[in-house]
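Undergrad: Please find one structure pasted underneath; my questions will follow.
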Amino acid sequence: MFIAKLALPRRTFLRGVGATLALPLLDSMVPALTPVLKSAARPVSRLGIIYVPMGAVMSNWTPAAEGPGFEMTRILEPLTRFRSRLLVLTGLDNEPAVARLGEPAGGHGRIGGAFLTGVHAKPTEGADFEAGVSFDQIAARHLGEHTQLSSLELGLEVSGLAGACDVGYSCAYVNTLCWRSPTSPLPMENNPRAVFERLFGDSDTTDASARRDRIERDRSILDSVTETVSDLQASLGGRDRAKLAEYLDAIRDVERRIQKAEAQSARELPAVERPTGAAAASFEEYAKVMFDLQALAYQSDLTRVMTFMIGKELSSRTYPEIGVPDQHHPLSHHQNDPAKLERLTKINTFHTSLFSYYLSRLESIQDGEGSLLDHVLLMYGSGMSNSNLHIPHKLPILVVGGREYVAGGRHLRFADGTPLTNLYLTMLNKVGVPVERVGDSTRQFAELSGV
């Protein structure tokens, strides 16, 4: 591979046997004497959704004060470092998730099917499921024109779409939030190795044995592009060399952690039930690896749209590492028992601590004149508030993003009956996806910009 000491195109790839690495945004992609290309190489807009199941203990989530003087409540406390970027939104409703007269009792199915679509899901336990196009896929149709992957759908639990998971509702409504069309749900990938290979494996290679041999011999995917990387580094300036080295180190670190988890999985045969999803040293490490893969996907501009389910509705996951041995779903039916509410609060706080880790990773990665966190718009939240009664009103919702998207550091309270989809409509327009309506939306929110 010959690389002259000239400007690199934004879509530059390094190829080896079984590997294709997209490069992050480098200074060499922004020629100082070429204003048109400089403009074209500016950081891009990105959209992300992080979902947590079965609501939150709202008394420990919702700040009492509105506006910039709000307090960081117990569940929000892990996000204190990002307070100036944070919008806490109170009062948004997922009205399409409300049961209609005569419908089955499965509240989790209705909530999952409606959360990103703003459409009332068809009650069915069969394959004739139907909801609506989810707002992440509306973004993917537009932003995905510029990337190798139009979107990524990821989760930390099993994601089969067949069968019935809730009373009267298909597993499609519980195990995914993403719908390419009203009848086409997208599975959530929960295996870090599969995600890694999708991002950095060469889908065009016919030499599958070479990839298997590399994995079995514990070699890095980067080993196959070593010569190409050396050629490229020789053509770069000092700042770009450092940026490329940090990017490759991050890839190698994530791959090493995946290999370690796979080795532990093969070696250990515990008597207890293994957590759902891919094996890892701990759930926290598993979640962090998946967050790191998302950061790499944004950094390499392989996709600009991602949806991540930290947990799914009806999740049976336990959290012994934080002193909560109870399964999440049964615990969510707390019946206002103070002891159960305390354990639920621990789970909610653990989840926001994982989100804080992700924000820290995005903040640490340079992107143009800022960081990845400056050029992304993220929503974090759940499809219900009071999990004991499956209430899809006044949801726990956070928005974090660069200052070009939102004026953070505020708690905004909306009027009763305000559709959650108004937020989606606003977010889409802010990342350059012009749409007039999403589900049951009624208007955009000028409030996110501080107006």
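Taken together, the values in this text are just the output of simple stated rules run on the coordinates, not laboratory data. This structure is a prediction, so every number in the text was calculated from the model and none was measured. Glycine also receives a Cβ, built like all others from the backbone with ideal geometry; neighbour counts cover every protein chain displayed.
Undergrad: Per 0.36 nm of contour for each residue apart, how much would the distance between residue 429 and residue 122 grow if the chain were fully extended, relative to their Cα-Cα spacing?
TA: Gain on stretching residue 429 to residue 122: 107.7 nm.
Undergrad: Output ³J(HN,Hα) for region 350-365: one whole-Hz value per residue in order, computed from phi by the Karplus curve 6.51 cos²θ - 1.76 cosθ + 1.60 with θ = phi - 60°, and x for Gly and Pro.
TA: With coefficients 6.51, -1.76 and 1.60, one gets 4, 5, 5, 5, 5, 5, 4, 4, 4, 4, 5, 4, 5, 5, 7, 9 Hz.
Undergrad: Something else now. Can you tell me the length gained on complete extension of the stretch residue 184 to residue 263, counting 0.36 nm per residue apart and subtracting the Cα distance?
TA: Residue separation times 0.36 nm, minus the Cα-Cα distance, leaves 24.9 nm.
Undergrad: Once you've got the Cα coordinates, tell me which of 312/394; 122/430; 288/312; 288/430; 260/340 are over 26 Å apart. Can you show the working numbers first?
TA: On the way: 312/394 20 Å; 122/430 31 Å; 288/312 17 Å; 288/430 28 Å; 260/340 35 Å.
Flagged as over cut-off: 122/430; 288/430; 260/340.
Undergrad: Here's another thing I want to ask about it. Give the residue list of trypsin sites (Lys or Arg not before Pro) in region 338-436 that are DSSP loop and have at most 14 other beta-carbon atoms within 10 angstrom.
TA: Passing both the DSSP loop test and the Cβ count: 403.
Undergrad: Would you calculate the separation in nanometres between label points at residue 353 and residue 193, each defined as 7 Å from the Cα along the Cα-to-beta-carbon direction?
TA: With each label point 7 Å from Cα toward Cβ, the separation is 2.9 nm.
Undergrad: Another question, then. Quick one: net charge of residue 433's neighbours, Cβ under 12 Å, K/R +1, D/E -1? Write down the numbers at each step before the final one.
TA: Working: positive: 46, 141, 304, 430; negative: 136, 145, 436.
Here the count lands on +1.
Undergrad: Return the long-range amide H neighbours of residue 50 (sequence gap of 5 or more, or a different chain), with a cut-off of under 5 Å between placed amide H atoms.
TA: 308, 379, 380, 381
Undergrad: Taking only the Cα atoms of region 379-451, how large is their convex hull per residue, in Å³?
TA: Residue-normalised Cα hull volume stands at 98 Å³.
Undergrad: Spelling out what I want: for every residue of region 93-104, take phi, set θ = phi - 60°, compute 6.51 cos²θ - 1.76 cosθ + 1.60 (Karplus), and round to whole Hz; glycine and proline get x.
TA: Ordered by residue, 3J(HN,Hα) equals 10, 9, 4, x, 8, 6, 5, 9, 3, x, 7, x Hz.
Undergrad: A further question follows. Report, in cubic angstrom per residue, the convex hull volume of the C-alpha atoms of region 305-451. Each step should come with its number before you reach the end.
TA: Details: hull volume 20.3 nm³, N = 147.
So the per-residue Cα hull volume is 138 Å³.
Undergrad: Still on this structure, please answer the following. If each residue of separation counts as 0.36 nm, what is the full-extension length gain between residue 322 and residue 256 once their alpha-carbon separation is subtracted?
TA: This chain segment gains 21.2 nm when fully extended.
Undergrad: Sticking with this one: Kindly state, to the nearest 0.05, the FRET efficiency for residue 407 paired with residue 242, given R0 = 25 Å and r defined as their beta-carbon distance. Spell out each step's value before the answer.
TA: Numbers: r = 33 Å, r/R0 = 1.31.
For R0 = 25 Å, the calculated efficiency reads 0.15.
Undergrad: Would you mind getting me the FRET efficiency between residue 233 and residue 447? Use the beta-carbon distance for r and R0 = 41 Å, nearest 0.05.
TA: The pair residue 233/residue 447 has a calculated efficiency of 0.30.
Undergrad: Please give me the summed charge of the neighbours of residue 314: other residues whose Cβ is under 10 Å from its Cβ, Lys and Arg +1, Asp and Glu -1. Working shown, then result.
TA: Numbers: positive: 312; negative: 157, 166, 313.
My count for the surroundings of residue 314 gives -2.
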